[in-house]
Structures are given as C-alpha cells and as structure tokens.
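A short worksheet on the structure shown next.
What follows draws every value from the coordinates through simple rules; no lab data is involved. Just so we're clear, the structure is a prediction, and the values are computed from it rather than from any experiment. Methodologically, a virtual Cβ is constructed for each residue, glycine included, from the backbone with ideal geometry; neighbour enumeration extends over all protein chains shown.
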Amino acid sequence: MTDEILLETFNLHREYGDTVAVRDVSLSVPRGAVVALVGPNGAGKTTLLKMIAALLEPTEGTARVCGLDIREYPRQVHSKVGFLPDFYGLYDELKVQEYLEYFGRAYRLGPREREEVIDGALTQVDLAEKRDILIETLSRGMRQRLAIARTLIHNPPVLLLDEPAAGLDPEGRHELQFLFRRLAQAGKTLIVSSHILSELEDYCSHIAILDKGVLVASGPAEQVRQSSGKGRQIRIRTAGNAQELEAILRAADLVQRFSREEEGWLVSFSGDEEDMAILLKQMVSGGIQVTFFGEEKRTIQDTYLALLRPNRP
Ligand SMILES: Nc1ncnc2c1ncn2[C@@H]1O[C@H](COP(=O)(O)OP(=O)(O)O)[C@@H](O)[C@H]1O
Ligand SMILES: [Mg+2]
C-alpha cells in the first residue's frame, strides 16, 4: 500500500425521491487498500458503490477514480473498475472458460490476449482446474469466485465487490478472504461491502462504516477500531467470586464500564499497563481466584455497535 490516493469521493450524495440513500460521503482510499464497507441493510452501500463505479449518477457531489472524475469520464472510469453487483447472473449452461471468453470478447480482446487474461484470472481465483466444468455444477463459493474472475478480465486497478460473501458457508467465506488478500498483493485496490462484520475483520486494511447514508467512521482499520472507545478492554475470568469481583470493579476509578458475558467479564478501563497490574493485584489480594486477566483487542463489531448505537432508538 502506498500513500497515493487512488479513489476519492467528494460529498457524494444520492436521493431517490424523498429517500436520502447516501448523504455527503467524503472518503479517500489509498492504492492497495482493502476497504471493508460495512453497514446494516439499507445503509446505502450499494448506492455508494454504484456511484463510484460510474453506474449511477450522484444527486450532488462527485468522485475521482484513478484521477478520473466519474461525472466527466464515466467510460474511462468503467475501464478502471471491476464491479461485482450483489445480484448477478451466471450462465449456467456455459463452461467456466466459455463464460470468461464471452466477457473477453465483450471487452474486444484479441484471441491471444483473451487467453492470457483468462488464464491469469482463473489462476487468481483458483479455478484453473475447473475451466472445462459447467457452471451449474460449481459450488456457491466457486461461482462467486468465477463472478470475481469476470471483474478481472479488463484488468482494472480497482475492484468494487458488493456483498460477495453473502450466502456463503464458512469455508467459502474463508476462501474469499484469501482471494482478497491475493488480489491486494497483486496491486489491486478493493472496496468490499458487507452487513456481516466478523468476516471482514481479518483482511481489511481500512474500514468505512455507513449508517442511514451517513459515513459514521472511516480510515485505517486500527484507527477506526480504537475510535469508538477510549482506553482498553480487559477480559477477566474467575473461579466463582462474582459478587466480590463486582464490588472491586465498581469501586475502581479507572473502570468505566463492565459487563458479565459468557466468556467472562469485559471491562472498559482507562488506565495504562501499570494500572492494569494494580487492578489485578487488588483482585488477587481481595481473595478473587483469577483464572484469566488480559487485554482484549476491540473488534470491528465493537466499533460498529458503539458507532451505531447513538443513532438507534
Ligand atoms: N432504485 C431505488 N429506488 C428507491 N429507493 C432506493 C433504490 N435503491 C435503493 N433505495 C433506497 O436507498 C437506501 C439505500 O439502499 P442501498 O444502497 O441498497 O443500501 P444497502 O446496499 O446498504 O442495503 C434504502 O433506503 C433503499 O430502500
Ligand atoms: Mg446492498
């Protein structure tokens, strides 16, 4: 990843009648980033991606993809972007290779170039061995990867993938994550949308959270993860002693919140490591049988919920 901004939106805004689907979204994406675009259904993810892909006109604002303004140069933007819609048709009665040939022809690639590009795309999505198989016999995960191979045919630097993991089983999702990483390593810049958050956690470099059309957070993943809450999260497990532990936590100045969960207690803590050690000592000398005590990284899920909560009734 470089510092070069490959894709940028400027107060991008879209209304459908009275509905504001995307509200003044300004977002910048460096080359080589894998951006997780997350938000609940109806948040505006699809609308935003379609505008960036120059497939849907903004009501206000604009975006630049590889330096090209989407309003001024929609055609050129199409050549820079591979777009995977959330619903798409595959041609079941075609073989894998034939399907990609079809799109290679649509992009007016010559036979030699077509062969090269299709070989490359099939290798990238790990379907090279399936090239002569009928699409209808592929698993759901393979079909999804084939659809992604199709977005690679014109070798675009930017990939916009709308809910690619929807409906996949854990194995299929896992394979997709590998694929995203490979694509980023091969120099692509990706925006991947989802309303399922946990699946994005491991592979994204950046996060953008949309809620009711508003970009409520965006930036490098680590930064967004931290931004939802100051301080640390500590996980504590004990053998019994629940009431005593609660009393200690309640009395500790640096403990902001705590909750008891299945996997133990989760404590929001505003102190540093030394303060953590002091808290642990207090617990032990207070007779609590501590079986686990450790800092826990915030997950995107935590961030997401924390950011969305204030907007919820
Ligand atoms: N073609 C359309 N006509 C009218 N309203 C639409 C249309 N497409 C989307 N919307 C509305 O815009 C909002 C955002 O939708 P969408 O971009 O599909 O969100 P997401 O992809 O995050 O689920 C929703 O309220 C949706 O109902
Ligand atoms: Mg959508």
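Apply the a/c threshold of 1.5 to the C-alpha gyration tensor of the range 3-107 and tell me whether it is rounded, prolate or oblate. Don't skip to the answer; put the middle values down first.
Details: a/c = 1.91, a/b = 1.47, b/c = 1.30.
In terms of gyration-tensor shape, prolate.
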**Report entry** Fewest-first sequence of TYR16, TYR203 by Cβ atoms within 10 Å of each Cβ
**Finding:** TYR16, TYR203
Query raised in the report: Where is the GNM fluctuation largest for the chain (alpha-carbon springs, 10 angstrom cutoff): THR189, THR137, THR46?
Result: THR137
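Subtracting the Cα-Cα distance from 0.36 nm times the residue separation, let me have the gained length for ILE278 to GLU263 in nm, one decimal. Mind dumping the intermediate values first?
On the way: separation 15, 0.36 × 15 = 5.40 nm, distance 2.27 nm.
Length difference between fully extended and current span is 3.1 nm.
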Requested in this report: Count the DSSP beta bridges whose two residues both fall in the range 140-218, then state the antiparallel fraction as a percent rounded to the nearest 5.
Outcome: 50 percent
**Report entry** Dmax and Rg, reported as Rg then Dmax, of the chain (C-alpha, Å)
**Finding:** 23.4, 77
Requested in this report: Report, in debye and to the nearest 20, how large the dipole of the range 232-297 comes out about its Cα centre when Lys and Arg carry +1 and Asp and Glu carry -1 on their Cβ.
Outcome: 140 debye
**Report entry** Burial ordering of ASP302, ASP18, ASP162, fewest other beta-carbon atoms within 10 Å first
**Finding:** ASP18, ASP302, ASP162
Query raised in the report: Label points 7 Å out from Cα along the Cβ direction at LYS212 and TYR91: separation in nm?
Result: 4.5 nm
**Report entry** Most mobile of LEU37, LEU179, LEU200 in a GNM of the chain (Cα contacts under 10 Å)
**Finding:** LEU179
Query raised in the report: When DSSP beta bridges are limited to those with both residues in the chain, what percentage is antiparallel, rounded to the nearest 5?
Result: 70 percent
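So for the range 83-184, what are the equivalent ellipsoid semi-axes in whole Å, largest first, each being the square root of 5 times an eigenvalue of the Cα gyration tensor?
Result for the range 83-184: semi-axes of 20, 15, 12 Å.
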Report summary line: Exposure proxy check on SER139, SER268, SER198: fewest-to-most Cβ neighbours within 10 Å is SER198, SER139, SER268
